[in-house]
Every structure is written in C-alpha cells, then in structure tokens.
Amino acid sequence: MSVSVLVTGGAGFIGSHTVIALAAAGYRPVVYDNFSNSHQSILDGLREILGTDVPCYVADCTDKAALFDVVEREHIQGVVHFAAFKAVGESVQEPLRYYRNNLDALLTLLEVMLEVGVHDLIFSSSCTVYGTPDHLPVTESSPVLPALSPYGNTKQIGEEMLRDAVTAGKPLRVISLRYFNPIGAHSSALIGELPIGVPNNLVPYITQTAIGLRPELIVFGDDYPTPDGTCIRDYIHVMDLAEAHVSALNNLRRLGALATHYDVFNIGTGRGASVLEVVRTFEEVSGQPLRYRIGPRRSGDVPAVYADASKAQEHLGWTARRTLHDALADAWRWEQHWQKLSAQP
Ligand code: UDP
C-alpha cells in the first residue's frame, strides 16, 4: 500500500506541483488547503494530469480538530507543509496576521503530528533567511541574518521551532528546504502559478505583460554591482523544486530507525541569472519582444543571491535538471492556457 502524505497548501503553486511529484514517486498525496490563495481549477488540473481524483480537504491548518481528523482518517505517515501566507510586502503591513497564521499553523501541525505519531516533516523555508550574503554562492552554513520582513521572520522562527523540538528529543524527523526563486509550471500547462491581483514576482509579471494584462515590466534598478546592473537570482523550475521534496522525504524515511533528526538544504540551481537575462530568455521562448523599462530600485532587494546546492546533491541525491529556458517556456505555456480557461463562461 502506498504511503499517505499530507500536503498542506497542496492546491497552491509549489504544493500542487509537489502533489504530482509525490504521486509519480509512488506516494499517495492528500491535499489539505483552505483555498485562501489557491483556485479550485488547480484540482481539475491535478485530476487531468494524474488521471484520478486527489483526496482534498478544505480546512485550515490552525484548526486542530480538523487537522487531527484528517491525519488519523487518512493514515498519514509524512507531511509536506506549504500552507502559509507568503506576500513579503503584505507581511510588512500586517505583521501580526502573518505571525499568527504562519506560526500557529506550524505549531498546530506539530502538535497533531506528535499526538498521532507522525514523524516525518518537510518544511518550506526560504533563501530570505540569508539576507544579503557576504559570499556567493550561499551554503547552508552561511549566517542566518536578521529577517528583512515579518514573512521572512516566520520562516526563520519556523526553522528554529523545528530545530528546538528535535534538539529536545521530540520524535520528529524534519528537513527544512530553503527555496531560491521558484518559477515555471508543469509541462502539461494544466497547473501553474496563480498570483492574486498584480503579481509581485518577476516571472508572473513578465508573462502577464506578454499576454497584455500589464502595460510593461518595470525592471527594478540597473545600477547594482552586477555585470548588467540588474539583480541576480537563482531561478528554479517548480518541478525540480517539487522533486526535491520527494528526495527529502525519501531521505527521512530511510533514516527510519533514527528517532529524531533535523537538517536543512538549499534548493536552487546553483546558477544566478540577472533580471535582463530573464527578460532576454523570455523573449527567445515567446518569440516576441517584451515591453519593459528600467525603473528605480525596489526597497529591500538584495543585489545578488544564488545557491550552493551541493549539500542536497550529496545527501539527498537531488539536483536541478531543468534550465531557465525550460522554466520560462512552461510559465509562458501556462499563462496562455490560463487566459483561455479563465475567458470561458
Ligand atoms: N523584479 C523586477 N520587476 C518586477 C518584479 C521583480 O525587476 O516587476 C526583480 C526584483 O527586483 C528581483 C527579481 O526581479 O531582482 C526577482 O524578484 P521576485 O519578486 O520575483 O523575487 P525575490 O527574489 O524578490 O523574492
């Protein structure tokens, strides 16, 4: 019988792609999502890709009774925890809402796991924990700097809570994955990223500009100390990222005999790309010029950050396989598919 894995936030961007990767690896994913930032149509896409319905519970991670019930009823044996608010700017405006939601959800989940006896957890963390790094590429031993936003702080505090619980001998095996910049979509174009309102992130902004929803992309600054003056990030295809969760879970399950375990891994490609490089590559894949202009810097942006992902390769046997070109082609196909889908009555 396949091992049932709870995917909190499983209807979201990274969560839904991880559902596909888990199913492909022989796990039985169970989605748990409050649909606060996800769309019903993602479940239709999942069904079409997998050829079967994915069990899905519409509930909140802070609802302990609901969570307990699902974990018991579905015989959950591992958890991948994505459910969290993630808008950096909004978190600055509404810090308490972010702390309440993201930390309460993680605490409630941990309590339920300990009460029911589920040991294996993969936690979504972020490269924001490194702030402005002194050395590139960043390794997992690079210092964790004071967070630049309440959102980033919830990731840091989440990691600390998990490490402390493991240090205290709680029967938990945990891996925190520090994501770099996830982009792209499943190659079927049946699921992808669905930003609410005006996108904050570069790639959805680019695809929405190309399809005519936005007049032009503003490149936030071209006077950074980088080769072309624009910021450098490590853009990782969301399916590579999804597969990293499977590798991490496989790794935890192999540790079976160990009662407690905590580790952290960078999940990136190891290659930095500038904003203008992303724009040029997008123009290549879409076969059309992109309307853009250079604007002022966005406050809080780090000039350059990219991963040293060799620890994940060595310990998890995982490495990113898809290119920036692949990711942008998939993001573009998804944008076109979504516009057609949302235009239907
Ligand atoms: N960016 C940009 N214009 C936009 C959105 C983003 O120039 O409309 C730049 C941003 O300054 C950063 C990069 O694109 O250098 C990636 O930004 P994103 O918000 O996608 O991710 P972040 O690295 O900030 O989490």
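Points worth noting:
- Filter result for the condition that a residue is near the ligand (Cβ under 10 Å from one of its atoms), touching a residue at least 12 places away in the same chain (Cβ under 8 Å), open to solvent by less than 30 Å² (accessible area, probe 1.4 Å) and within 29 Å of residue 23 (Cα to Cα), over 183, 236, 175: 183
- Number of residues in the range 194-203 that are at pLDDT 95 or above and either more than 8 Å from the ligand (Cβ to nearest atom) or among the β-branched types (Val, Ile, Thr) (or both) equals 1.
- Restricting attention to the range 110-128, the residues being out of contact with any strand residue (DSSP E or B) (no Cβ under 6 Å at 6 or more places or on another chain) and either acidic (Asp, Glu) or in a helix (DSSP H, G or I) (or both) number 8.
- Subset of the range 129-154 (residues that are open to solvent by less than 40 Å² (accessible area, probe 1.4 Å) and touching a helix residue (DSSP H, G or I) at 6+ places or on another chain (Cβ under 6 Å)): 129, 138, 140, 142, 147, 149, 150, 151, 152, 154
- Hits in the range 156-194 (condition: of a type in the set (Lys, Arg), touching a helix residue (DSSP H, G or I) at 6+ places or on another chain (Cβ under 6 Å) and closer than 11 Å to residue 264 by Cβ): 178
- Count of the range 3-55 residues which are open to solvent by 30 Å² or more (accessible area, probe 1.4 Å) and modelled with pLDDT of 95 or more: 16
- Residue within the range 240-260 that is of a type in the set (D, E, K, R) and surrounded by fewer than 21 Cβ atoms within 10 Å (Cβ to Cβ) present: yes
- Pairs with Cβ under 9 Å, 6+ apart, first in the range 39-55 and within 12 Å of residue 190 (Cα to Cα), second open to solvent by 70 Å² or more (accessible area, probe 1.4 Å) and part of a loop (DSSP other than H, G, I, E, B): 43/53; 46/53; 47/53
- Per-region count, the range 186-203, residues among the acidic types (Asp, Glu) and open to solvent by less than 10 Å² (accessible area, probe 1.4 Å): 0
- Meets criteria (among the small types (Gly, Ala, Ser), assigned to a helix (DSSP H, G or I) and surrounded by fewer than 21 Cβ atoms within 10 Å (Cβ to Cβ)) for residue 165: yes
- The residues of the range 270-313 that are surrounded by 14 or more Cβ atoms within 10 Å (Cβ to Cβ) and away from the ligand (no atom under 14 Å from the Cβ), listed by number, are 270, 271, 283, 285, 286, 308, 309, 310, 311, 312, 313.
- The strands (runs of 3 or more DSSP E) found entirely in the range 191-302 that carry 1 or more residues being out of contact with any Lys or Arg (no Cβ under 8 Å at 6 or more places or on another chain) and within 27 Å of residue 177 (Cβ to Cβ) are 235-237, 261-267.
- Flag for residue 337 being surrounded by fewer than 16 Cβ atoms within 10 Å (Cβ to Cβ) and of a type outside the set (Val, Ile, Thr): no
- Filtered residues of the range 187-214 (kept if of a type in the set (Ser, Thr, Tyr) and in contact (Cβ under 8 Å) with a residue 24 or more places away in the chain): 187, 188, 207, 209
- Residue tally, condition within 10 Å of the ligand (Cβ to nearest atom) and either under 14 Å from residue 302 (Cα atoms) or in contact with a Leu (Cβ under 7 Å, 6 or more places away or on another chain) (or both), over the range 204-218: 4
- Residues within the range 258-292 that are polar (S, T, N, Q), under 30 Å from residue 174 (Cβ atoms) and touching an Asp or Glu at 6+ places or on another chain (Cβ under 7 Å), tallied: 2
The values are calculated or read from the model by the stated rules, or taken from the named source; none is laboratory data. No experiment lies behind these values; they were computed from the predicted model shown. Backbone-built Cβ (ideal geometry, glycine too); neighbour counts: all protein chains shown. Side chains are part of the model used for accessible areas, which takes the heavy atoms of the whole protein and leaves out ligands, DNA and RNA. Shrake-Rupley method; radii C 1.70, N 1.55, O 1.52, S 1.80 Å.
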